[in-house]
Amino acid sequence: MTASIKISPSILASDFSRLGEEARRAEAAGADMLHVDVMDGHFVPNITLGPPIVKALRPCTSLFFDVHLMISDPLKYVGDFIAAGAERITFHYECGADPAEVIARIHAGGCEAGLALKPATPASAALPYLESLEMALVMTVEPGFGGQKFMADQMEKVRALRAAFDAKGLCTDIQVDGGITPETLPLARAAGANVFVAGSFLFNAEDMQAAVQALRKANSN
Ligand code: DX5
Ligand code: ZN
């Protein structure tokens with residue numbers, strides 16, 4: 001398949017002491033957006049960053065900010081992340097908040113909304129919200145840490161969601177996040193994903209531009 005895909009480097013794998021430069025490195029490498037992983041130490045065992053860091057990063061790059069909230073109380077923080085510069089906010093179905101309410105809050109702030117599903121959550125969880133989403137995120141690792149192994153068994157969920165969007169005539173983004181490399185990207189692409197988060201593969205690459213191109217080339221093989 002050669003239709004265009006979007007590459008979203010995850011700054012979780014970047015050098016946090018040089019975040020601004022790392023964001024610019026991703027932009028110069030030809031990324032389509034910047035994936036910002038927010039973890040609260042409660043929904044997931046890890047803690048990363050909050051709205052002040054997003055705000056500080058905003059002037060460093062013109063990349064679209066793809067913010068992935070791995071937090072327990074998205075309703076409490078959505079406004080702060082939008083004010084800080086988030087352009088798409090993805091929250092987790094499993095956080096316990098009413099997804100319809102979180103989506104409405106995100107849209108009310110003029111931001112795009114994504115719904116993320118952990119590996120154990122079935123595609124059916126997202127079905128009531130398809131029309132109101134700009135994106136569905138199928139986690140291909142357990143959220144919390146970068147550098148984990150891609151879970152190929154999640155491809156069935158990607159296929160089910162793509163079929164569900166197609167059945168409604170929607171060409172909504174489906175993002176995959178976790179363990180994306182030139183080897184795994186084609187599996188997710190064939191299943192119907194079109195937005196690819198890559199942390200370690202891109203930020204650990206000496207030549208990030210070549211690494212972005214390797215992902216794009218993997219799509220066209
Ligand atoms: C994991 C994060 C991912 C992570 C991906 O909870 O949501 O975005 O940074 O990292 P890699 O590409 O290294 O698996
Ligand atoms: Zn993520």
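The values are calculated or read from the model by the stated rules, or taken from the named source; none is laboratory data. The structure displayed is predicted, hence computed values, not measured ones. Here Cβ is always computed from backbone atoms with ideal geometry, including for glycine, and neighbour counts include all displayed protein chains.
Descriptive notes on the structure:
- Taking helices (runs of 4 or more DSSP H) as the structural unit, those lying wholly within segment 20-108 and holding at least 1 residues that are closer than 22 Å to Leu127 by Cβ correspond to 74-84, 99-108.
- Subset of segment 194-216 [away from ligand 1 (no atom under 14 Å from the Cβ), within 16 Å of the chain's Cα centre (by Cα) and either part of a helix (DSSP H, G or I) or of a type in the set (A, V, I, L, M, F, W, C) (or both)]: none
- Scanning segment 142-180 for residues that are over 15 Å from the mean Cα position of the chain (by Cα), surrounded by 15 or more Cβ atoms within 10 Å (Cβ to Cβ) and assigned to a loop (DSSP other than H, G, I, E, B) yields Gln148, Met151.
- Close Cβ contacts (under 8 Å, 6 or more residues apart or on different chains) running from residues in segment 183-208 that are in contact (Cβ under 8 Å) with a residue 40 or more places away in the chain and of a type in the set (D, E, K, R) to residues that are surrounded by fewer than 23 Cβ atoms within 10 Å (Cβ to Cβ) and part of a loop (DSSP other than H, G, I, E, B) comprise Arg189/Met1; Arg189/Ile5.
- Inspection of segment 119-128 finds a residue satisfying the criterion of being over 17 Å from Thr48 (Cβ atoms), at pLDDT 95 or above, surrounded by 23 or more Cβ atoms within 10 Å (Cβ to Cβ) and in contact with a helix residue (DSSP H, G or I) (Cβ under 7 Å, 6 or more places away or on another chain).
- Residue match in segment 157-176 (condition: at pLDDT 95 or above, under 18 Å from Asp32 (Cα atoms) and within 14 Å of ligand 1 (Cβ to nearest atom)): yes
- Counted residues, segment 4-17 - those being part of a helix (DSSP H, G or I) and out of contact with any helix residue (DSSP H, G or I) (no Cβ under 9 Å at 6 or more places or on another chain): 1
- Of all residues in segment 121-129, none satisfies being within 16 Å of ligand 1 (Cβ to nearest atom) and small (Gly, Ala, Ser).
- Pair list, Cβ under 6 Å, 6 or more apart: segment 44-68 residue over 15 Å from Glu21 (Cα atoms), other residue of a type in the set (Ser, Thr, Tyr): Asp66/Ser8; His68/Thr90
- Failed condition for Phe64, given (1) in contact with a strand residue (DSSP E or B) (Cβ under 6 Å, 6 or more places away or on another chain); (2) among the hydrophobic types (A, V, I, L, M, F, W, C); (3) buried (at least 20 other Cβ atoms within 10 Å of the Cβ): (3)
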